[in-house]
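The values are calculated or read from the model by the stated rules, or taken from the named source; none is laboratory data. What you are looking at is a predicted structure, and each value in this text was computed from that prediction instead of being measured. Because the Cβ atoms are built from the backbone with ideal geometry, glycine has one as well, and the counts that use them run over all protein chains shown.
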Amino acid sequence: MINDDILTLYYYRDGLTEAERARVQAAIEEDTALRARYEQLCEDVESFAAAEPVAAAPAAVARWHDSIERVARIEQQRASSRNRVFHLPSFAWGAVVAAALVVGIGIGSYFSGNNVPEPSIDNGVADTAMPEPRSPSVTFARGLLVHLRESRQELADLPMGADSERAMLIMQMIQQNRMFERAAVQNESQDLARVLRAFEPILMRLASDDISPADAEALQAQLAFELNVMLTKLRRNVSEVTGPI
Amino acid sequence: MTALRKFILATLIVAISSPAIAQTDEAEGLKMTALEALISAPPERALPIVTKVLSGDSSTALKERALFVLSQIDLPEAQTLLIETARTGDRNIRMEAIRMIGVGGNSKALADLAEIYTAGDGDTREAVLEAYLIADDKDAVYQIAANSQNPREFEKAVNVLGAMGAMEELRALRDRPGAAEVLIEAYAVAGDVETLTALATDSSDPERQAQAIHGLGIAGGNEVGDVLVGIYRDTEVPDVKEAALEGLMIGDYDQAVLELFRASDDAAEKRELLETLVIMDSDAVWEIIDKTLENEQ
């Protein structure tokens with residue numbers, strides 16, 4: 001299933017391997033409904049950029065300049081960071097992952113990039129719909145906003161009880177989260193990558209079939225809080241740099 | 001609600017002494033919302049409020065949330081408070097503080113975790129490893145693995161290195177006596193096909209060789225199918241041949257199994273390969289069944 005998170009990453013050319021991009025592109029070409037969703041998403045995102053320019057107060061301008069300088073300093077410090085893929089952890093959560101895979105969840109192979117051949121990219125759909133290049137940090141932050149909002153909704157909609165549907169939904173959230181973690185590393189946003197990485201153990205515990213309802217509720221509440229905090233922080237950062245969404 | 005109004009609300013709510021608000025779910029929920037809003041505040045104003053929550057009589061859940069906000073405050077004092085909480089707080093709060101040091105990613109605070117690891121119990125040590133995983137601090141985990149005298153602790157650290165994709169660090173541990181199985185699992189999780197291929201084609205220790213072959217199946221990748229087919233064809237050792245077939249199954253290389261099926265003249269081997277394709281739920285099975293039945297007619 002290709003959800004809005006994946007379409008957003010596809011739109012921003014961010015966080016997906018070439019093989020993943022090729023699969024999304026093929027799906028968009030074949031699936032009319034998906035193509036309509038993608039076009040709608042393009043419109044939505046482009047409407048962000050097309051916001052009416054508003055004269056900013058001098059104090060706000062000064063604050064933006066400070067922010068830009070601070071980001072520039074941080075970016076310089078991060079210049080030595082490496083690309084890294086967050087692999088399937090065996091750690092304490094390996095058993096959960098294995099159990100989930102045994103019940104037939106195939107999402108891992110779709111987006112892991114490990115088992116997928118790397119076909120050459122035909123840029124047809126993507127290139128015609130691609131906007132002008134944007135600042136990586138801002139475009140990534142906007143994509144991440146969509147992802148976090150969707151994660152928050154998915155978390156709220158999770159069915160109660162330890163059934164395979166719940167485990168599958170959580171595993172899908174983990175896969176999406178992992179892609180954005182990878183995208184954060186690629187965008188040299190190590191602080192965001194760490195937060196996204198920290199979500200994964202919580203999600204893994206939530207997917208466990210021996211978790212009590214009370215523990216599951218507490219973990220969901222914790223994750224919902226952390227998602228809300230990050231949404232607020234990202235919204236603030238994005239609007240400080242580019243104006244209101 | 002604007003960020004300013006949220007911040008004012010947060011300040012008011014957290015500043016109100018706890019007896020003033022009954023400890024109901026509603027009050028707790030309101031405090032949570034107030035804490036969320038704190039992220040909009042300037043760091044130097046948010047820090048005292050978070051500090052007050054952590055040192056007060058708030059619930060454990062509220063303090064845990066406060067720690068997350070603390071991890072997002074970009075001030076040295078915030079990191080100092082996180083470390084202090086990781087050392088001296090209640091058990092649950094300490095564990096959460098350790099995790100938040102990972103989220104914060106401050107190098108000094110991460111270095112201090114080494115001492116907490118050494119002095120801590122099993123749960124504390126796992127929390128420290130998780131914090132290093134979150135912070136992507138491969139070297140810290142490597143140091144724990146390299147200096148560990150306890151096989152169970154070594155295994156946990158190595159598992160984390162696998163999850164981090166720390167190939168270089170895992171390779172540095174390769175000669176550790178008695179650790180081959182644990183390391184092979186970690187190489188597989190890390191996707192270190194090069195090391196696994198070397199071990200999978202080394203016939204000096206058939207048990208280790210079989211483990212490495214399974215590891216190749218888990219690691220996957222474009223070239224692994226050919227390596228496994230090569231091992232399957234070249235070996236005369238039944239256990240190694242079986243391991244190679246299992247590796248192909250684990251890695252879902254159904255086309256490679258199909259090729260082996262077509263190339264085989266041995267009826268027993270063909271049966272085994274067909275059974276493998278059935279287990280893999282490969283579409284190729286239908287083609288084979290169709291052709292086999294056609295030949296029988």
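Here residue A:200 fulfils each of the conditions (1) away from chain B (no Cβ under 11 Å); (2) touching a residue at least 40 places away in the same chain (Cβ under 8 Å); (3) within 18 Å of the chain's Cα centre (by Cα) apart from (1).
For segment B:190-276, the helices (runs of 4 or more DSSP H) that sit wholly inside it and include 3 or more residues that are closer than 19 Å to residue B:291 by Cβ and in contact with a helix residue (DSSP H, G or I) (Cβ under 8 Å, 6 or more places away or on another chain) are B:254-263.
Going residue by residue through segment B:148-165, is there one that turns out to be facing another protein chain (nearest Cβ under 10 Å) and touching a Pro at 6+ places or on another chain (Cβ under 6 Å)? Yes, some residue in segment B:148-165 is facing another protein chain (nearest Cβ under 10 Å) and touching a Pro at 6+ places or on another chain (Cβ under 6 Å). Every condition in (1) within 22 Å of residue B:86 (Cα to Cα); (2) buried (at least 20 other Cβ atoms within 10 Å of the Cβ); (3) out of contact with any Leu (no Cβ under 8 Å at 6 or more places or on another chain) holds for residue B:154 except the one numbered (1). In a residue-by-residue description of segment A:39-62, the property of being in a helix (DSSP H, G or I), modelled with pLDDT of 80 or more and farther than 25 Å from residue A:186 by Cα applies to at least one position.
Regarding segment B:85-92, can at least one residue be identified that is within 14 Å of another protein chain (Cβ to nearest Cβ) and under 17 Å from residue A:198 (Cβ atoms)? Yes; the residues of segment B:85-92 include at least one that is within 14 Å of another protein chain (Cβ to nearest Cβ) and under 17 Å from residue A:198 (Cβ atoms). Within segment A:17-36, the residues that satisfy the criterion of being charged (D, E, K, R) and closer than 24 Å to residue A:181 by Cβ are A:18, A:20, A:21, A:23. Kindly check whether there is at least one residue in segment B:183-202 that is facing another protein chain (nearest Cβ under 10 Å), under 19 Å from residue B:228 (Cβ atoms), touching a His at 6+ places or on another chain (Cβ under 8 Å) and surrounded by fewer than 24 Cβ atoms within 10 Å (Cβ to Cβ). Yes, there is a match, as at least one residue in segment B:183-202 is facing another protein chain (nearest Cβ under 10 Å), under 19 Å from residue B:228 (Cβ atoms), touching a His at 6+ places or on another chain (Cβ under 8 Å) and surrounded by fewer than 24 Cβ atoms within 10 Å (Cβ to Cβ). Just need a number here: residues in segment A:178-197 that are more than 11 Å from the chain's Cα centre (by Cα) and within 11 Å of chain B (Cβ to nearest Cβ). The total comes to 6. Looking at segment A:209-224 only, could you name the residues that are touching a residue at least 40 places away in the same chain (Cβ under 8 Å) and within 11 Å of another protein chain (Cβ to nearest Cβ)? Answer for segment A:209-224, where residues must be touching a residue at least 40 places away in the same chain (Cβ under 8 Å) and within 11 Å of another protein chain (Cβ to nearest Cβ): A:223, A:224. The criterion of being in contact with a Pro (Cβ under 7 Å, 6 or more places away or on another chain), surrounded by fewer than 20 Cβ atoms within 10 Å (Cβ to Cβ), outside any loop (DSSP other than H, G, I, E, B) and in contact (Cβ under 8 Å) with a residue 24 or more places away in the chain does not hold for residue A:152. One residue is enough: does segment B:89-96 have a residue meeting the conditions among the charged types (D, E, K, R), touching a Phe, Trp or Tyr at 6+ places or on another chain (Cβ under 9 Å), at pLDDT 95 or above and under 29 Å from residue B:29 (Cβ atoms)? Yes, some residue in segment B:89-96 is among the charged types (D, E, K, R), touching a Phe, Trp or Tyr at 6+ places or on another chain (Cβ under 9 Å), at pLDDT 95 or above and under 29 Å from residue B:29 (Cβ atoms). Restricting attention to segment B:128-153, the residues that are closer than 16 Å to residue B:190 by Cβ and in a helix (DSSP H, G or I) add up to 8.
Close Cβ contacts (under 8 Å, 6 or more residues apart or on different chains) running from residues in segment B:125-141 that are at the interface with chain A (Cβ under 9 Å from one of its Cβ atoms) to residues that are charged (D, E, K, R) and not in a helix (DSSP H, G or I) comprise B:136/A:84. When B:27, B:20 are checked against the criterion of being surrounded by 15 or more Cβ atoms within 10 Å (Cβ to Cβ), modelled with pLDDT under 85 and more than 14 Å from every other protein chain (Cβ to nearest Cβ), B:27 stands alone in meeting it. I'd like the full set of residues that are surrounded by fewer than 21 Cβ atoms within 10 Å (Cβ to Cβ), more than 18 Å from residue B:164 (Cβ to Cβ) and either within 14 Å of another protein chain (Cβ to nearest Cβ) or among the polar types (S, T, N, Q) (or both), limited to segment B:96-124. Once the filter is applied, which keeps residues that are surrounded by fewer than 21 Cβ atoms within 10 Å (Cβ to Cβ), more than 18 Å from residue B:164 (Cβ to Cβ) and either within 14 Å of another protein chain (Cβ to nearest Cβ) or among the polar types (S, T, N, Q) (or both), segment B:96-124 yields B:106, B:118, B:122, B:123, B:124.
Condition first: under 16 Å from the mean Cα position of the chain (by Cα), more than 21 Å from residue B:69 (Cβ to Cβ) and part of a helix (DSSP H, G or I). Can you find one or more residues in segment A:155-170 that meet it? Yes; the residues of segment A:155-170 include at least one that is under 16 Å from the mean Cα position of the chain (by Cα), more than 21 Å from residue B:69 (Cβ to Cβ) and part of a helix (DSSP H, G or I). Within segment B:68-84, restricting attention to residues that are assigned to a helix (DSSP H, G or I) and not aliphatic (A, V, I, L, M), the residue that is nearest to the other protein chains (Cβ to nearest Cβ) is B:68.
Here residue A:206 passes the criteria (1) surrounded by fewer than 22 Cβ atoms within 10 Å (Cβ to Cβ); (2) more than 17 Å from the chain's Cα centre (by Cα); (3) more than 10 Å from chain B (Cβ to nearest Cβ); (4) without any contact (Cβ under 8 Å) to a residue 60 or more places away in the chain except the one numbered (1). Kindly indicate whether any position in segment B:56-67 is assigned to a loop (DSSP other than H, G, I, E, B), of a type outside the set (Asp, Glu) and buried (at least 21 other Cβ atoms within 10 Å of the Cβ). No, segment B:56-67 has no match at all. If you go through segment A:3-43, how many residues are under 13 Å from the mean Cα position of the chain (by Cα) and of a type in the set (A, V, I, L, M)? Residues that pass the stated criteria total 4.
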